[in-house]
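Presented below is the structure to which this report refers.
Readers should treat all values here as calculations from the given coordinates under stated rules, not as data from a laboratory. On a predicted model such as this, the values are computed, not experimentally measured, just so you know. No Cβ is skipped: glycine too gets one built from the backbone with ideal geometry, and neighbour counts run over all protein chains shown.
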There are 2 protein chains.
Amino acid sequence: MQDLGYIFEPRSVAIVGATTNPNTVTNVTFLRQLLDFGYPGRIYPVNPHATEIMGLKAYPSIRDIPEPVDYVVCAIAATHTPKLTRECVSAGVKVVAIYTAGFSETGEEGAKLERQVVSIARRGRVRVLGPNCLGIHCPKAGLSLAGSISRESGHVGLLSQSGGNAQNMILGLADRKIYASKAVSFGNAADLNESDLLEYLGQDDDTSIIGIYIEGVKQPERFTRILRQVSGAKPVIVLKGGRTVAGSGAVKLHTGAMAGSRAVWDAVCGQARVVQVQYLKELIDTIQAFVYLNPPRGRRVGIIGIGGGANVLATDACESAGLKVPEFPPEVRAELRKFTPPAGTGLRNPVDTLGEVYVDPAMLTKTVSVVAGWSGVDTLMVSFPMLLGVRLGVQFLRDGIEAVAKAAKDAGKPAAVVLQTTDCAEGEMLALEMQKQCLAVGVPAYWNFTQAALCVSHLVGYHEKRNPGWPVSIAEPTDRHRN
Amino acid sequence: MQDLGYIFEPRSVAIVGATTNPNTVTNVTFLRQLLDFGYPGRIYPVNPHATEIMGLKAYPSIRDIPEPVDYVVCAIAATHTPKLTRECVSAGVKVVAIYTAGFSETGEEGAKLERQVVSIARRGRVRVLGPNCLGIHCPKAGLSLAGSISRESGHVGLLSQSGGNAQNMILGLADRKIYASKAVSFGNAADLNESDLLEYLGQDDDTSIIGIYIEGVKQPERFTRILRQVSGAKPVIVLKGGRTVAGSGAVKLHTGAMAGSRAVWDAVCGQARVVQVQYLKELIDTIQAFVYLNPPRGRRVGIIGIGGGANVLATDACESAGLKVPEFPPEVRAELRKFTPPAGTGLRNPVDTLGEVYVDPAMLTKTVSVVAGWSGVDTLMVSFPMLLGVRLGVQFLRDGIEAVAKAAKDAGKPAAVVLQTTDCAEGEMLALEMQKQCLAVGVPAYWNFTQAALCVSHLVGYHEKRNPGWPVSIAEPTDRHRN
């Protein structure tokens, strides 16, 4: 296996196509990011018509730089890329990330140019990222591929054939206090491809979970093998672009990739026991579940919420996602009944309770503890009504969320919080605030049960596929108690 | 058919169970609402232990009120409801909305009590709403079933077996500038049931579209007939609670209803050509599509957005929802190419364009006009990247949204806007603000293509089922142009 570590921690970076105008896309996307991120290595803007760019000495070409450069960003016209690649070869460059578009995604002419560039690079032992990509994000090394993005390092490795989707994943995860170890936008994958990069992340000690947005596969057999290996060691969450006929047309125009058969793809993912998701938010929210939740022992969920109708829909959402909402046995209901007001409550699972329980952290703690204490439940989902917070002030929400986190932890069961927004702006604004509180106490937050159930089901599914004899408890304790 | 109009516009309301403490649930939910809403009729708090409540003269019982009361809210213990119902009969009350829970949803004892109350009411020609319900919302008449809710009247009729879900629908729709004509929370449906209420909304001149949250059906044959009749005249969007085994258990505990077979329900909805949805936000967002969009002529969508990966996923989302994303013919692409920058753009559908097009309303207008002008597209979806607004200021977003609305209107094609949040709080906050701009210029706003495609597909599906020979254009113009 090749060690690609050097591409993530270059000692020097050149930006070919940097300009004296600080506001061009190239400067904003690459040069300013390096400066903002405090990249500790040497930075070389390259432009034959400039002597200084954003306070840095500019060089007319790669060959004029007084040392071999590790990482080159190429942001010049496609037609000039063979010449640049030759210069990179003779200057001893290690890797060139080609931001420039206009290669295989544009048709046969572009594909020919792409093959030419790769051929020059390979002969000269220069690796190519892209073309048509944003390259490397490695906060530890001071490299970033997105503007206004967190500098924090974490343990999620990200691969994305799309630069925009890479940014979206990094930003969405950072909002959930989850940070990337390394992320790569790899575009057309003409040289370094998804197999190379996944293999690297699979053995990277900084990476414990992997998220992938992919459009097509360059080396299907190798990728299948590596996907299976890596997924055996770390959770891999995959979003495939181009699952539909028109989507695969869009893929061809985007990265020149062949989207391939959906059935084959599904089979590969199934065999490799990866988690497949359908949209970007689902990928982000699923990674959130993997990062914040210990593996549940099975599919059985205990639900606590306010409102009979909301709880009916919560139950449907869980069961539709493949989870179970088992009825509590009489002893659990009796225990809950001791402190739950009798009128307008239901204790069958969901616990359909009242605002007065939520505004009293001790009562909420007791409710969570009793539910979590029952061996028939593997995961807890507790919903908080945002509009009650609008009405009564948010302190009880903060206290309640903390109480849930603590009670679940004491009982050794994973818990997710659903921030019920009532689908209106007021609720959504407060949910954005309360999401921070949830993450601060270590529980993942979802806006609705549909999403929470989907993500928890992915988490359970991953462990089911990985561990024979899992889930631990298969027996369904519900029927005995159904009336 | 019975005319139930009188239950929505009572000349007087009594609240049985109002208290001197202004902050009890009963006072907050019912009495304060009437005062806040400026209910123009007479209000009678009823409580044997009070002489004045919230500034109003209180009466010891219904029979002590000096006039026959039209609408009585019952918020006293379940055991007292037979006595109250008898008093309502002798005092000439028209309808009693029983907020009190503890009836058939609690088991056989409660069911017996429920039958007793209904029997007394029917013999005495008093109609019952509920029990276990919030009753009537009719802003035109000054009646409301939710706190802090808009007083505006609109044209959406809402039926909900759950009071909480009724509130959620009203609030969520109001956020989209859509208002209820009438809404009813009808709980256990012991007397006035879903058939009575749907029949009424079907012929109500103030109601042009109907949303339903339902858990069980009291008179299946009658309901099937009425559902079919009403759906023939007005769009009916239905969310069924209790679609799963555990969900039907939750239903039984919530409203005492029998959720019934999902297959039978699906068949009934299919025959009645209603739109079935799976969750509450989908119901709200689908009603948004029906209210803001003229019926598209078919399933073909033209997509305009920024970012190759985002556009791939947008295409997949549309096709997965049953819409089509046909490739533009060469003449449309040539027309777009005239003013679209060549590098990093794609013009095959989606139009994958650049920020510089978005920040120039004239360019965006041209883009929309060319796409909308092609006969092969029935609906437009245009995404706006919120983070670009965070970076560049929101004015170009406002201008762009207005340009899209105008260009689509000029071309006579419906258009929906997708506010791309990048799944992070900053994007979501701005989306909440831009949603208002969208609605102000008459286009519906969605947070992602998954939801936009789902709702537009529901809209198209409704018209397909209703109009033989529809969609207008069945021929697929894509294959001719595929390369």
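Worth pointing out:
- Whether region B:145-270 is rounded, prolate or oblate, judged on the alpha carbon gyration tensor where a/c under 1.5 counts as rounded: oblate
- Nitroxide proxy distance, nm - points 7 Å out along Cα→Cβ at residue B:11 and residue B:151: 2.3 nm
- Secondary-structure-derived ellipticity at 222 nm for the protein assembly as shown, considering helices only, amounts to -13000 deg cm²/dmol, per-run term -39500 (n - 2.57) for DSSP H runs with n ≥ 4.
- Packing-based exposure ordering (other Cβ within 10 Å, fewest first) of A:391, B:228, A:127: A:391, B:228, A:127
- Between 0 and 90 degrees, the angle of helix A:449-466 with respect to the longest Cα principal axis of chain A falls at about 70 degrees.
- Residue mean of other protein chain beta carbons inside 10 Å, A:313-323: 6
- For the segment B:349-357, counting C-beta atoms of other chains within 10 Å of every residue's C-beta and taking the mean gives 2.
- At R0 = 45 Å, FRET efficiency that the Cβ-Cβ distance of residue B:267 and residue B:119 yields, to 0.05: 0.85
- Report note on the peptides A:288-294, B:182-188, A:200-206, A:237-243: ranked by the mean count of other C-beta atoms within 10 Å, highest first, their order is B:182-188, A:237-243, A:288-294, A:200-206.
- Average Cα contact separation per residue, chain B, under 8 Å, 6 or more apart, as relative contact order %: 11 percent
- Percent of beta bridges antiparallel (DSSP, region B:1-155, rounded to nearest 5): 15 percent
- Total formal charge among the other residues, if their Cβ is under 11 angstrom from that of residue B:396, Lys/Arg +1 and Asp/Glu -1: -2
- Summed residue charge, Cβ within 12 Å of residue A:315's Cβ, Lys/Arg positive, Asp/Glu negative: -1
- Helix A:245-255 axis, angle to chain A major axis (alpha carbon atoms, nearest 10°): 40 degrees
- Close amide H contacts of residue B:96 (hydrogens built in the peptide plane, cut-off under 5 Å, sequence separation of 5 or more or a different chain): B:72, B:127, B:128, B:129.
- Integer Hz, Karplus 6.51/-1.76/1.60 couplings in order for region A:56-64, x for Gly and Pro: 10, 5, 9, 10, x, 8, 4, 6, 8
- Residue order, fewest to most surrounding Cβ atoms within 10 angstrom, among A:353, B:106, B:81: B:106, A:353, B:81
- Bridges between two residues of the protein assembly as shown, per DSSP, are antiparallel at a rate of about 15%.
- Distances between every pair of Cα atoms in the protein assembly as shown, grouped in 20 Å steps from 0 to the bin holding the largest one, split as 14, 42, 32, 11, 2, 0 percent.
- Sequence of B:137, B:80, B:458 once ranked by neighbouring C-beta atoms within 10 Å, starting from the fewest: B:80, B:458, B:137
- Cα gyration tensor, region A:1-88 - rounded (a/c under 1.5), prolate or oblate: oblate
- Inter-copy separations for residue B:338, label at 7 Å along Cα-Cβ, nm, ascending: 7.9
- Cα Rg, Dmax (largest Cα-Cα span) when computed across chain A, Å: 25.7, 83
- Neighbours of residue A:227, meaning other residues whose beta-carbon lies under 10 angstrom from its beta-carbon, give a summed charge of +2 when Lys and Arg score +1 and Asp and Glu score -1.
- Evaluated at q = 0.12, 0.22 Å⁻¹: base-10 log I(q)/I(0), Debye formula over Cα of region B:86-212: -0.46, -1.22
- Per residue, the average separation of C-alpha pairs within less than 8 Å and at least 6 apart gives region A:234-300 a relative contact order of 38 percent.
- The dipole here belongs to the protein assembly as shown: it is taken about the Cα centre, uses +1 on the Cβ of Lys and Arg and -1 on the Cβ of Asp and Glu, and is about 1040 debye.
- Evaluated with a Cβ-only charge set (Lys, Arg +1; Asp, Glu -1), region A:260-371 carries a dipole of roughly 300 debye about its Cα centre, given to the nearest 20.
- DSSP assigns beta bridges within chain A; of those with both partners inside it, close to 15 percent run antiparallel.
- Using θ = phi - 60° and Karplus 6.51 cos²θ - 1.76 cosθ + 1.60, couplings along region A:169-186 (whole Hz; Gly, Pro as x): 5, 5, 5, x, 5, 4, 4, 9, 6, 10, 10, 7, 6, 8, 9, 10, 9, 10
- Axis angle, to the nearest 10 degrees, between helix A:108-123 and the longest C-alpha principal axis of chain A: 80 degrees.
- 3J(HN,Hα) from dihedral phi, region B:358-374, Karplus parametrisation 6.51/-1.76/1.60, rounded to Hz, x for glycine, proline: 5, 7, 10, x, 5, 5, 5, 4, 4, 4, 4, 5, 5, 5, 5, x, 7
- Lys, Arg +1 and Asp, Glu -1 on Cβ, resulting dipole of region A:142-291 about Cα centre, debye, nearest 20: 320 debye
- Whole-Å distance, taken between Cα centres, linking region A:131-161 and region A:178-242: 14 Å
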